[in-house]
Number of protein chains: 2
Amino acid sequence: MGDYQVGVQQDALGAVQLELGGNPNSLALRRPFDPLAHDLEASFRLTRFADLKGRGCKVPQEVLNKLVEGLQQDYNSGGDHEHFMHMAIPRIGIGLDCSVTPLRHGGLVLVQTTDFFYPLVDDPYMMGKIACANVLSDLYAMGVTECDNMLMLLGVSTKMTEKERDVVIPLIMRGFKDSALEAGTTVTGGQTVVNPWCTIGGVASTVAQPNEYIVPDNAVVGDVLVLTKPLGTQVAVNAHQWLDQPERWNRIKLVVSEEDVRKAYHRAMDSMARLNRIASRLMHKYNAHGATDVTGFGLLGHAQTLASHQKNEVSFVIHNLPVIAKMAAVAKACGNMFQLLQGHSAETSGGLLICLPREQAAAYCKDIEKQEGYQAWIIGIVEKGNRTARIIDKPRVIEVPAKE
Amino acid sequence: MGDYQVGVQQDALGAVQLELGGNPNSLALRRPFDPLAHDLEASFRLTRFADLKGRGCKVPQEVLNKLVEGLQQDYNSGGDHEHFMHMAIPRIGIGLDCSVTPLRHGGLVLVQTTDFFYPLVDDPYMMGKIACANVLSDLYAMGVTECDNMLMLLGVSTKMTEKERDVVIPLIMRGFKDSALEAGTTVTGGQTVVNPWCTIGGVASTVAQPNEYIVPDNAVVGDVLVLTKPLGTQVAVNAHQWLDQPERWNRIKLVVSEEDVRKAYHRAMDSMARLNRIASRLMHKYNAHGATDVTGFGLLGHAQTLASHQKNEVSFVIHNLPVIAKMAAVAKACGNMFQLLQGHSAETSGGLLICLPREQAAAYCKDIEKQEGYQAWIIGIVEKGNRTARIIDKPRVIEVPAKE
């Protein structure tokens, strides 16, 4: 038997208003999480219940490719011509952010995605919101703006006291569900296990008509690349954790103040909890040729995957890197361990990277800013090429302030 | 971006024949996993990559209820009459094995479930098969015999060497996918993370017409309860692990031989890898009034949940406990830690527990045995009552031999 199924249908709009108070920037005003206010020890830190953070927990891209490719070869070496034929037919579903499965009913497809990871912020409620936004982001990257159903995946850390568990887990669940409501969907079930590391994630599914999604393979020479959220979330959440670790903090304190780090952390939290839904809706309005969302493999990793799946002989060249204020300096000061400016720093619930017709891109960015109060940036161009992506030698770093 | 999406459509029948060779019992003939044959150390044990096993990893039922109930109350205490109204409408989706979500298109519903857990057998390929069968089982419990799509969830243990990872993970993946093919479905995507404990699970989804599923709330007085797999999987996998642990083994060696334990282990592995699909299909043929599958909360836990959701004033009384041979004795010899005969021992990928009209039950059991070569058992009756379930004082234990 599955764990539990909750089916409370709620007025999504009500929940959004409750959360946002009508002010699209008010998430940024949320007070820091205070463990004492929840009867927890002052030293409680959710991020200590895992050794890896957020999308930084992914199996490295090249390892994963090896594991999965091996499997595909297995499946294609059976000498069965039927299988070979299937390989020759263009398939939807390989290398996309979601799986897209034709259904038995009415020309519909099932669009689905799953993701789970570990705490990277200390506020359990915000952690739930971020996890939900991160799962939904895969649907949004494919231009799917409606989610029909969500499931929640939870791992309760073996290292939590009962008290911690009883306080923290409901907060995470509530954040996840509130984010789902904000997205106009509901969480109807899930699975909860005991695990050494606290784990949070979910599954998002939509049954769609073919015109509801955008297959991300249609970039043409002359398109531009737009990014809808700044980079640097992984740097910010680590820098914030280092405030408690003097030997780490000493390495970066010459380039940032404590205040800078707190601001960046809240900017990152706000950014990660923000849904890519409007960004997705506007992809239809401005005729996007394809998109992906930037997460565990970093900007360049995801740009490369997107480039590799294009129908046309194109390549992506990235000139500009919008980064949460001061995080480029922090990334440099700590020995380039994140490889942020090389495009390899993991992001969690990052922005959409979208191929747009050049003449539509500025209007896209203006529209998203008008609707949400957040900037988007033209960061690169689509050239003729061999389906690869690169960042130019000295990219321009755009410092994105904590408050816009 | 999601991890990977593989979309190879394969001839399911071909795969089934490959695996089973046309003999429904041939799974039981599978040779024990030999680490050396895969270039691993002779001492390699997959089960050592987690401290909990299979569905034994679930958060205790009462804790989970508390966490989830708290959330539901939250959602219903907002003073919004809309929410209250929703609570008053009979919902599909609470306490069921799957979530059932009405869709925007054509009167269809999305039936979905997810599950993941830790290794409980040492054969990685079989572990993959068991994980897949276990996820699908939630669909089958609702009478849904077609699965439209699966996603795979994997946690690669931080304690695995690269070599171990590269051998074991593809075997697990392949087992999972072969089981999906046997079920006539495909794995089109997934998520892979690094985790202290090796983790394996998935998501199963179907878009169905209303007549394709059986809402499990229709038991009537006079029905009987049928169970389609023996109990004792958790006892068997633990006893097998104790073969390597002299101090544990000494506690049970008076009641079982090494050979008994090996047989029981293989019987358990075979049973857990077996799909509940035919059991599900026959629910329609013999007019089942509802079912659930027996997993982490044990026979009684799941019987109680099923009883609590009945429309009629009924209770379930269980008289017979079919148990893998010798495992009842083992459970007693080790101080009743499993509470097997009390109905609390966790099962993984257990059988369906089905409410059937009395006059159809024998035919159901005969039909399943004819089609699959496995016994099913009438284990109890449905009486007038207050929607609870119990096991009688001295239930009859049916010893289920390793080979039938």
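The values are calculated or read from the model by the stated rules, or taken from the named source; none is laboratory data. None of these values were measured; they are calculated from a predicted model. Virtual Cβ from ideal backbone geometry, glycine too; neighbours counted across all protein chains shown.
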Next on the checklist: On the basis of being in contact (Cβ under 8 Å) with a residue 12 or more places away in the chain, of a type in the set (G, A, S) and either part of a loop (DSSP other than H, G, I, E, B) or farther than 21 Å from A:D97 by Cα (or both), does A:A402 make the cut?
Outcome noted: yes
Restricting region A:122-146 to residues that are over 14 Å from A:F176 (Cα atoms) and crowded, with 24+ Cβ neighbours inside 10 Å, the one nearest to the other protein chains (Cβ to nearest Cβ) turns out to be A:D138
Exercise. Of the residues that make up region A:157-164, is at least one crowded, with 24+ Cβ neighbours inside 10 Å and in a loop (DSSP other than H, G, I, E, B)?
Worked result: no
Filter region B:196-206 for residues that are within 7 Å of chain A (Cβ to nearest Cβ) and in contact with a Leu (Cβ under 9 Å, 6 or more places away or on another chain); the one that is nearest to A:V207 (Cα to Cα) is B:S205
Check your understanding: Is there a residue in region A:361-368 that is among the acidic types (D, E) and either in contact with a helix residue (DSSP H, G or I) (Cβ under 9 Å, 6 or more places away or on another chain) or touching a residue at least 12 places away in the same chain (Cβ under 8 Å) (or both)?
Key -> yes
* Is one or more of the residues making up region A:338-346 under 25 Å from A:Q61 (Cβ atoms), part of a helix (DSSP H, G or I) and over 18 Å from the mean Cα position of the chain (by Cα)? -> no
Counting only residues in region B:288-307 that are among the hydrophobic types (A, V, I, L, M, F, W, C) and part of a helix (DSSP H, G or I), the one farthest from the chain's Cα centre (by Cα) is identified as B:A307
If you go through A:V235, A:V193, the only one that is among the hydrophobic types (A, V, I, L, M, F, W, C) and either within 9 Å of chain B (Cβ to nearest Cβ) or at positive phi (or both) is A:V193
By residue number, the members of region A:249-278 that are touching a Leu at 6+ places or on another chain (Cβ under 7 Å), in a helix (DSSP H, G or I) and aliphatic (A, V, I, L, M) are A:V261, A:A273
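Only residues that are of a type in the set (D, E, K, R) and surrounded by fewer than 24 Cβ atoms within 10 Å (Cβ to Cβ): list them for region A:268-324, please.
Result: A:D270, A:R277, A:R281, A:K285, A:K311, A:E313.
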Matching residues in region A:231-248 (in a helix (DSSP H, G or I) and of a type in the set (A, V, I, L, M)) number 4
Return yes or no: is B:D115 within 10 Å of chain A (Cβ to nearest Cβ) and part of a helix (DSSP H, G or I)?
no
Filtering region B:203-250 down to residues that are basic (K, R) and closer than 26 Å to B:G128 by Cα yields B:K229
If we keep only residues of region A:25-60 that are more than 12 Å from every other protein chain (Cβ to nearest Cβ), out of contact with any Lys or Arg (no Cβ under 8 Å at 6 or more places or on another chain) and at pLDDT below 70, then the residue nearest to A:T161 (Cα to Cα) is A:R30
Flagged in region B:370-397 as under 20 Å from the mean Cα position of the chain (by Cα) and aliphatic (A, V, I, L, M), in numbering order, are B:A376, B:I378, B:I379, B:A389
Of the listed residues (B:G70, B:G95, B:G78, B:G22), the one being closer than 25 Å to A:L171 by Cβ, at pLDDT below 55 and either more than 12 Å from every other protein chain (Cβ to nearest Cβ) or part of a loop (DSSP other than H, G, I, E, B) (or both) is B:G78
Is region B:171-187 home to any residue that is under 20 Å from A:V109 (Cβ atoms), at the interface with chain A (Cβ under 10 Å from one of its Cβ atoms), in a strand (DSSP E or B) and of a type in the set (A, V, I, L, M, F, W, C)? yes
Condition first: of a type in the set (V, I, T), over 16 Å from A:S280 (Cβ atoms) and touching a Leu at 6+ places or on another chain (Cβ under 6 Å). Can you find one or more residues in region A:146-164 that meet it? no
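With A:D217, A:D223 as the choices, which residue is of a type in the set (D, E, K, R), buried (at least 24 other Cβ atoms within 10 Å of the Cβ) and in contact (Cβ under 8 Å) with a residue 12 or more places away in the chain?
Testing whether each residue is of a type in the set (D, E, K, R), buried (at least 24 other Cβ atoms within 10 Å of the Cβ) and in contact (Cβ under 8 Å) with a residue 12 or more places away in the chain leaves just A:D223.
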Residue pairs within 9 Å by beta carbon, gap of at least six or interchain, first lying in region A:292-320 and closer than 15 Å to A:L356 by Cβ and within 11 Å of chain B (Cβ to nearest Cβ), second part of a strand (DSSP E or B) and among the β-branched types (V, I, T), listed first then second, are A:T292/A:I354; A:A303/A:T292; A:A303/A:I318; A:A303/A:I391; A:L306/A:T292
Given the conditions (1) modelled with pLDDT of 95 or more; (2) touching a Leu at 6+ places or on another chain (Cβ under 6 Å); (3) closer than 16 Å to A:S205 by Cβ, every one holds for A:G189 apart from (1)
